[in-house]
Amino acid sequence: MTEQAVQTEEPGIIDAPGPTVLGAHFSTSYRTYVLVVMALVYVVNYLDRQILGILAHPIKLEFHLSDFQVGILGGPAFAVVYAVLGIPLAIFADRLNRRNVIAASLAVFSFMTLMCGLAVQYWQLVLARFGTGVGEAGTSPSINSVLADLYPPEKRASALAFYSAGLNVGLLVAFFGGGWVAQHYGWRQGFLTAGIPGMLLAILILATVQEPKRGQVENLVDTAETANLWAVIRVLWSQHSFRWIALGTGMSSLGGYAGIIFIPSFLGISHHMTLSEIGAALSLLTGVGGAIGTYMAGVFADRYGKHDIRWNMYVPIVATFVAIPFAPLFYLAPGTAVSLCAAIVPAMMGAAYIGPAYSMSQGLVPLRMRARAVAILLFTLNMIGLGLGPPLVGEISDLLKPLLGADSLRWALLSTVVTGLTGAFCYWRASRTLKADLTKYAA
């Protein structure tokens, strides 16, 4: 595709209306449509992945689980297979039709979410969560690669942040809808209801989304030569900034993933809120506030990154330091109203790193390595954040319980402030070599 065939002068990410598709040349309205559809995939992704958070307490009571066992269910049971399989599925995405990979993966994890609702023993639920991870492993690398071929570098962080805000909307639906359904119909019905939308969305993708040409918006020539995995790893390892970005996202996400699993229980135990009340509060905090913060982080990264690309790292650093002072008040305040008000800022800043991290990872590698670069980023992020976060916080809570009783969960969650600060340090280290690393594979 020629440079003239690609429209890049729009005022924002949500583009003005235009013709749907002109041959192989995608219009701005079609590009926006694909972005919205992929954001919906992320909504369903996070709905199916994280609905466990609002359902964890009734599951814990029914199966007589410890906080550590709940942490295993919410973390490694999903994270290990999700992170590991993301890399081989990204190899398919770098070689095959990415649209088909996305649709197939979406159908698989939606089906496995339905299976979670049919579990009658703890080990069955663990296996179903494994299956959910298998399906979800194929979506994010492929979607990131597709969006990178629809949006030019100067708009990419905003586009990927808009897509990433789908996680916040997914949490909104999971917390609000899941809490209401669980309170009125039981936790199993919550899983069964969450599995249906993804099935329908997979059909929509196959019927309406086309596979974009690789490199079209950057005038990069796609040689159709796909390097092997070790070549990709060598390229990424040579990029010092990528190492620090990957480690930073893992540290930043650790507290967030642990919070998704345990904050609903914390609010129920320490503030005596019902499932419906918890769902409503968290849906507004993470769904509305979080979506705004995630998207605006990408907008700011693009805006200031035009003058200095290192702002893609400075934005999540600023977000971390803005949010951290509110964490002790949220977890330790005795009053429910004060606690929830204090949670507003951390909820908005919690995923500010995602859009910039995705965007920079796309620019650090050649075309046919992009999906695997994102998969390796997600491997690191999820093995640290999701794999370690929930069980670590659960174990800390169990260890503190003889001393602090029900309040042990407050202090266990507060301990994640340390990993948040570690993430900010990693982004600062990445910023030191980011400019030089990005020039290696620029157009």
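Things to note:
- Some residue of the range 263-278 being closer than 27 Å to A157 by Cβ and in a helix (DSSP H, G or I): no
- Matching residues, the range 90-100, being surrounded by fewer than 24 Cβ atoms within 10 Å (Cβ to Cβ) and within 18 Å of I205 (Cβ to Cβ): F92, L96, N97, R99, N100
- Residue, modelled with the lowest pLDDT, within the range 261-282, restricted to residues that are closer than 25 Å to L378 by Cβ and out of contact with any Ser or Thr (no Cβ under 8 Å at 6 or more places or on another chain): I261
- Residues of the range 333-354 that are more than 18 Å from V299 (Cα to Cα), among the aliphatic types (A, V, I, L, M) and in contact (Cβ under 8 Å) with a residue 24 or more places away in the chain: L340, A343, I344.
- Among the residues of the range 246-260, some residue qualifies, meaning at least one is modelled with pLDDT of 90 or more, surrounded by 17 or more Cβ atoms within 10 Å (Cβ to Cβ) and farther than 21 Å from V393 by Cβ.
- Residue list for the range 113-124, filter: surrounded by fewer than 24 Cβ atoms within 10 Å (Cβ to Cβ), assigned to a helix (DSSP H, G or I) and touching a residue at least 12 places away in the same chain (Cβ under 8 Å): L114, M115, Y122
- Of the residues I292, I278, the single one that is touching a residue at least 24 places away in the same chain (Cβ under 8 Å) and over 13 Å from N168 (Cα atoms) is I278.
- Subset of the range 284-327 [charged (D, E, K, R), assigned to a helix (DSSP H, G or I) and touching a helix residue (DSSP H, G or I) at 6+ places or on another chain (Cβ under 7 Å)]: D302
- Note on the range 207-244: among residues that are among the aromatic types (F, W, Y) and surrounded by 13 or more Cβ atoms within 10 Å (Cβ to Cβ), the one that is modelled with the highest pLDDT is W244.
- Hits in the range 233-257 - residues which are among the hydroxyl-bearing types (S, T, Y) and within 13 Å of M383 (Cα to Cα): T249, S252, S253, Y257
- Selection status of A107, farther than 20 Å from G279 by Cβ, surrounded by fewer than 23 Cβ atoms within 10 Å (Cβ to Cβ), touching a residue at least 12 places away in the same chain (Cβ under 8 Å) and of a type in the set (G, A, S): yes
- The single condition among (1) surrounded by fewer than 23 Cβ atoms within 10 Å (Cβ to Cβ); (2) touching a helix residue (DSSP H, G or I) at 6+ places or on another chain (Cβ under 8 Å); (3) modelled with pLDDT under 85 that L65 does not meet is (3).
- Meets criteria (over 24 Å from S105 (Cα atoms), surrounded by fewer than 24 Cβ atoms within 10 Å (Cβ to Cβ) and not charged (D, E, K, R)) for L85: no
- For the criterion of being in a helix (DSSP H, G or I), out of contact with any Pro (no Cβ under 7 Å at 6 or more places or on another chain) and among the acidic types (D, E), E211 fails.
- Sub-9 Å Cβ pairs linking a first residue in the range 62-87 that is free of Cβ contacts under 8 Å to residues at least 12 places away in the same chain to a second residue that is of a type in the set (D, E), at least 6 apart or interchain, number zero.
- Within the range 424-443, considering residues that are surrounded by 16 or more Cβ atoms within 10 Å (Cβ to Cβ) and of a type in the set (G, A, S), the one nearest to R234 (Cα to Cα): A430
- Among residues of the range 295-323, those that are surrounded by 18 or more Cβ atoms within 10 Å (Cβ to Cβ), aliphatic (A, V, I, L, M) and closer than 18 Å to S252 by Cα, counted: 8
- For the range 411-423, taking the residues that are surrounded by 21 or more Cβ atoms within 10 Å (Cβ to Cβ) and not hydroxyl-bearing (S, T, Y), the one that is farthest from S339 (Cα to Cα) is identified as G423.
- Evaluation of V365 against (1) in a helix (DSSP H, G or I); (2) at pLDDT below 90; (3) surrounded by fewer than 24 Cβ atoms within 10 Å (Cβ to Cβ) (one fails), failing number: (1)
- F330 fulfils the conditions (1) among the hydrophobic types (A, V, I, L, M, F, W, C); (2) in contact with a Gly (Cβ under 9 Å, 6 or more places away or on another chain); (3) in a helix (DSSP H, G or I) except for a single criterion, (2).
- When the range 388-410 is limited to residues that are under 23 Å from Q50 (Cβ atoms) and surrounded by fewer than 24 Cβ atoms within 10 Å (Cβ to Cβ), the one that is modelled with the lowest pLDDT turns out to be L388.
- If the condition is being modelled with pLDDT of 85 or more, crowded, with 24+ Cβ neighbours inside 10 Å and aliphatic (A, V, I, L, M), then the range 126-146 contributes I143, V146.
The values are calculated or read from the model by the stated rules, or taken from the named source; none is laboratory data. As the structure is a computational prediction, the values presented were derived from the model and not from experiment. So basically every Cβ, Gly included, is an ideal-geometry build from the backbone, and we count neighbours across all protein chains shown.
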